[in-house]
1. Output the qualifying pairs, or none if there are none: Cβ atoms under 9 angstrom, residues six or more apart or on different chains, first residue in the stretch 30-57 and without any contact (Cβ under 8 Å) to a residue 60 or more places away in the chain and more than 16 Å from VAL111 (Cβ to Cβ), second residue surrounded by 13 or more Cβ atoms within 10 Å (Cβ to Cβ) and of a type in the set (Val, Ile, Thr).
2. Within the stretch 1-11, which residues are surrounded by fewer than 12 Cβ atoms within 10 Å (Cβ to Cβ) and part of a loop (DSSP other than H, G, I, E, B)?
3. For residues in the stretch 122-163 being under 19 Å from ASP106 (Cα atoms) and outside any strand (DSSP E or B), which is farthest from the chain's Cα centre (by Cα)?
4. Which ranges mark the helices (runs of 4 or more DSSP H) fully within the stretch 24-73 that have 1 or more residues being at negative phi and in contact with a strand residue (DSSP E or B) (Cβ under 7 Å, 6 or more places away or on another chain)?
5. Would you check which residues across the stretch 107-121 are in contact with a strand residue (DSSP E or B) (Cβ under 6 Å, 6 or more places away or on another chain) and not in a strand (DSSP E or B) and list them?
6. Could you tell me whether the stretch 94-109 includes any residue that is touching a Pro at 6+ places or on another chain (Cβ under 7 Å), of a type outside the set (S, T, N, Q) and modelled with pLDDT under 90?
7. Would you check if there is a residue in the stretch 96-114 being more than 24 Å from GLU30 (Cα to Cα) and either aliphatic (A, V, I, L, M) or surrounded by 15 or more Cβ atoms within 10 Å (Cβ to Cβ) (or both)?
Amino acid sequence: MSSSLIPPESLARVGEILAGPITVRIDSREAQRYAYAVGDLNPIYFDEDSAKAAGYRTLTIPPLFITHALVPPKPTEALRTDGLYKDSATVTLEVERMMFGGEEWDFLEPVCIDDEITGTTRLLDLDQKEGKKGSFVRLVRETTFTNQNEQVVARSRQIGIAR
């Protein structure tokens with residue numbers, strides 16, 4: 001194996017909160033605009049009777065809307081060349097570039113209109129691997145989403161590949 005691409009101070013950050021907590025109230029207008037934008041026209045997002053008939057207490061939202069709702073608006077000038085925001089929580093690595101390596105979701109409880117959702121992102125894992133083209137780093141950020149009752153409603157794990 002070649003020399004480490006992960007400085008010790010970065011490895012020591014595993015488990016650390018990288019972003020948040022940030023809290024937003026789920027708004028029907030924004031959630032419905034998102035549903036239209038992604039082409040998900042399920043009536044449980046638009047018609048309260050349909051949502052209640054499906055077992056929800058009120059209108060619910062497309063599952064991935066929670067991550068959209070928690071991202072504050074930023075200008076394109078704040079983007080780096082790799083597509084990430086300049087002020088996003090970064091972990092120092094001895095690499096030249098980072099790319100998206102996938103995302104996993106666990107949806108645990110329904111999210112409905114007017115829920116208050118809080119997201120907190122932490123560094124879940126950081127390790128060095130050997131691939132066909134040499135060493136690379138796998139970085140995993142986990143975001144936990146909780147509602148106003150402190151129930152975990154969803155968890156996402158974003159995987160970054162750096163070399």
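1. Final answer for the pair search is SER50/ILE44; ALA53/ILE44.
2. Scanning the stretch 1-11 gives MET1, SER2, SER3.
3. As a first pass, look at the stretch 122-163 and keep what is under 19 Å from ASP106 (Cα atoms): 122-125, 139-160.
After this cut, where a residue has to be outside any strand (DSSP E or B) as well, the list is 147-151.
Details: ASN147: 15, GLN148: 19, ASN149: 20, GLU150: 18, GLN151: 17 Å.
Once the filter is applied, the top-ranked residue is ASN149.
4. Details: elements: 28-38, 48-53, 65-70.
Passing ranges, in order: 48-53, 65-70.
5. We begin by selecting, within the stretch 107-121, every residue in contact with a strand residue (DSSP E or B) (Cβ under 6 Å, 6 or more places away or on another chain); these are 107-112, 116-121.
Hits for the stretch 107-121 are LEU108, GLU109, PRO110, VAL111.
6. So far as the stretch 94-109 goes, yes, one or more of its residues are touching a Pro at 6+ places or on another chain (Cβ under 7 Å), of a type outside the set (S, T, N, Q) and modelled with pLDDT under 90.
7. Taking every residue of the stretch 96-114 in turn, at least one turns out to be more than 24 Å from GLU30 (Cα to Cα) and either aliphatic (A, V, I, L, M) or surrounded by 15 or more Cβ atoms within 10 Å (Cβ to Cβ) (or both).
Conditions tested, residue by residue: (1) in contact (Cβ under 8 Å) with a residue 24 or more places away in the chain; (2) out of contact with any helix residue (DSSP H, G or I) (no Cβ under 9 Å at 6 or more places or on another chain); (3) crowded, with 19+ Cβ neighbours inside 10 Å.
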site	(1), (2), (3)
ARG122	yes, yes, no
LEU126	yes, no, yes
GLU130	yes, yes, no
SER135	yes, yes, no
PHE145	yes, no, yes
ASN149	no, yes, no
ARG163	yes, yes, no
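The values are calculated or read from the model by the stated rules, or taken from the named source; none is laboratory data. In this text the structure is predicted, and so the values were computed from the model without any measurement. Note that we place each Cβ from the backbone using ideal geometry, even for glycine, and neighbour counts take in every protein chain shown.
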